[in-house]
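One structure is given here, and the rest of the page talks about it.
What follows draws every value from the coordinates through simple rules; no lab data is involved. Note that the coordinates shown come from a computational prediction; the quantities given were computed from them, not determined experimentally. Glycine gets a Cβ as well: all are built from the backbone with ideal geometry, and neighbour counts include every protein chain shown.
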Amino acid sequence: MTFLNKYIDEVSESEEDKMAYATDASGVIGKVRRVICPKNLDEVRKAVIYAKRNKMDLVPRGAGTGLVGGAVPNDSIVLDVSRMNKILEIDKIGKIVTVEPGVVLDDLNSVLGELFFPIVPGSHRACTIGGMIATNAAGMMALKYGTTCDWIEELEVVDDTYRVKKIKEIKDFCGREGTTGIIVKAKLRVTIRPEKTSLNLFSFQSITPMLEMVNELKVRADVIAIEYLDKITSRISGLGEKFHLIVEYENDSGKINEEKEKEKVWKIREALSSQLISRKLEVAEDPWIPDEGLGQFLYWLAENKIPAFGHIGFGVIHPHFRRNDMNIEMMFNIVKKLNGKVSGEHGIGVVKRNFISDEEKVRFMRLKQIYDKENIFNRGKIYG
Amino acid sequence: MTKRIYLIGVRYMVDCSKCGLCRAVCPVYLAVLKESSSPRGKAIFKENGKLSDLFYMCTLCGMCKKNCPIEVDLEIRKQRTQLIEAGKETEANKAMIENIRKYGNPFGKIEKGKKLKTLFCC
């Protein structure tokens, strides 16, 4: 019996597991050495001990809904935290919840009653809290509620010393894609769920008047989300060939008030990424563009017939490309010129390693020196 | 003829996008909590021509297709047919078919005076 089999219930080297865990929503395909599905902290610690002793790479994985290959292994041990899915404590008065990393966002929100965790990525039905922290997920309500990092009170992690550490330096783990250690527990802040929400669906013939409306809406306190659909994605969604904005209000000032109707609109929006990926537009980008460059960027996408949608109120746009499309590199150059960021919410993973700044590289190396000197956590992601 | 080829082409162009949203609704995945038991895992096996026994781990409830943003059909029955053709069949399945052939029911020989077991369903 090996060390892993002795201490961990679910360790697999089956052909099926190796195949299923070799990829994630990015479509990047890697190679699995073993799959471990820990059900508690102790099993995570044993996995870290094993990886360190054998100098193996340990790739933490939530729901595998990431789009940059952050959970794709490279001859690695995959640590699937889906079974660590307990909601440990709900403090409704203090508005704090304590969860294990495998808790699914919608499962958490379904038990919080009048409270909710307000970061809602498109994958909210399946994505795990651990994955959201690792990628610093944003999502459709980022305009009002920001990103995952803004809502973390405390993290408990296992680093390369195998010890469990309470972390207050949230940004050393949030958005680090599992390169600094394994998140085993999270204390999250939650807030009061808006009593009533409503939607408006606006359509436009051109980009300029649409952006004028975005600027007007952004300063309104009751606007939670402003989502953009270009002409191509609008057509695919059956909305006709126009630019569209989906606007969500935390009151009844929108025209779409019925729950079923609202759900229908959000389903259209949430299906877009899959719609494009299934049409072989598999590369889903997520640049963040500052307000002053947004018009120029959207015009460039439209002129080049690059399908795009996104959280325009937050400045994050999701253009989709075919693999090896020359326009991808061109887009990154434009993003840099406009003082934007190549990744607004998906993270860096393996897909965008070549585009991180020197400043980010230095920060990455510094964190590795603190938490993972021997480089056992998610090797080759972000940088290195 | 051309039209038929075109239709087949369109059907198979709708590949799984690997978004993983099916994990939220699949009763088998939610019980096992492993990627290989999820509809996405099965889509990967199907794409790679992997005839896995895990195709038997499906209730055929159809929730994955219903909740898939692009309504991918995993064609589980077709996969099972291929598995049987390749000689990969579960022992329980073999016994049930044998009993149906021999005795007209999946349970086997019913002794005189004894009743059939009651089957419960949703």
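Translational diffusion of region A:198-337 was estimated from the Stokes-Einstein equation, with Rh taken as the Kirkwood radius over Cα pairs; at 10 °C and 1.306 mPa s the coefficient is 104 µm²/s. Give me the Debye-computed log₁₀ of I(q)/I(0) at q = 0.14, 0.19, 0.20, 0.27 Å⁻¹ for region A:3-81, equal point scatterers on Cα only, no solvent, two decimals. Log10 of I(q)/I(0), two decimals: -0.40, -0.73, -0.80, -1.32. In terms of its alpha-carbon gyration tensor, region A:33-128 comes out oblate; a/c meets the 1.5 threshold, while b/c is at least as large as a/b. Enclosing the Cα atoms of region A:176-220 in their convex hull gives a volume equal to 193 cubic angstrom per residue. Taking 4.7 Å between C-beta atoms as the pairing limit, chain A has these partnerless cysteines: A:C37, A:C127.
Remark: region B:31-70 is approximated by an ellipsoid whose semi-axes, taken from the C-alpha gyration tensor as √(5λ), come to 16, 13, 10 Å, largest first.
Using a ≥ b ≥ c from the Cα gyration tensor of region A:108-166 (square roots of the eigenvalues), is it rounded, prolate or oblate, where a/c under 1.5 gives rounded and otherwise the larger of a/b and b/c decides, a/b for prolate? It is prolate, given that a/c is not under 1.5 and a/b is the larger ratio.
Considering only DSSP beta bridges with both partners in region A:3-81, what is the antiparallel share in %, to the nearest 5? For region A:3-81, the DSSP antiparallel bridge percentage is about 25. Per-residue Karplus couplings for region A:85-99, computed as 6.51 cos²θ - 1.76 cosθ + 1.60 with θ equal to phi - 60°, are listed in order as 10, 8, 8, 7, 7, 10, 9, 5, 6, x, 6, 10, 10, 10, 9 Hz, Gly and Pro entered as x. If one puts a single equal scatterer on every Cα of the protein assembly as shown and applies the Debye formula without solvent, what log₁₀ I(q)/I(0) results at q = 0.11 Å⁻¹? Once normalised to I(0) and log-transformed, intensities are -0.98. For region B:33-122, the list of GluC sites (Glu not before Pro) that fall in a loop by DSSP and count at most 10 other C-beta atoms within 10 angstrom reads B:E111. Based on Cα contacts under 8 Å between residues 6+ apart, chain A shows a relative contact order of 16 percent. Within 11 Å, Cβ to Cβ, of A:V68, how many net charges do the neighbouring residues add up to if Lys/Arg are +1 and Asp/Glu are -1? My count for the surroundings of A:V68 gives -2. Quick check: net charge around A:R353, other residues with Cβ under 13 Å of its Cβ, Lys/Arg +1 and Asp/Glu -1? Result for the local shell: +2. Seen from A:N200, the other residues with C-beta closer than 9 Å to its C-beta sum to a net charge of 0, counting Lys and Arg as +1 and Asp and Glu as -1.
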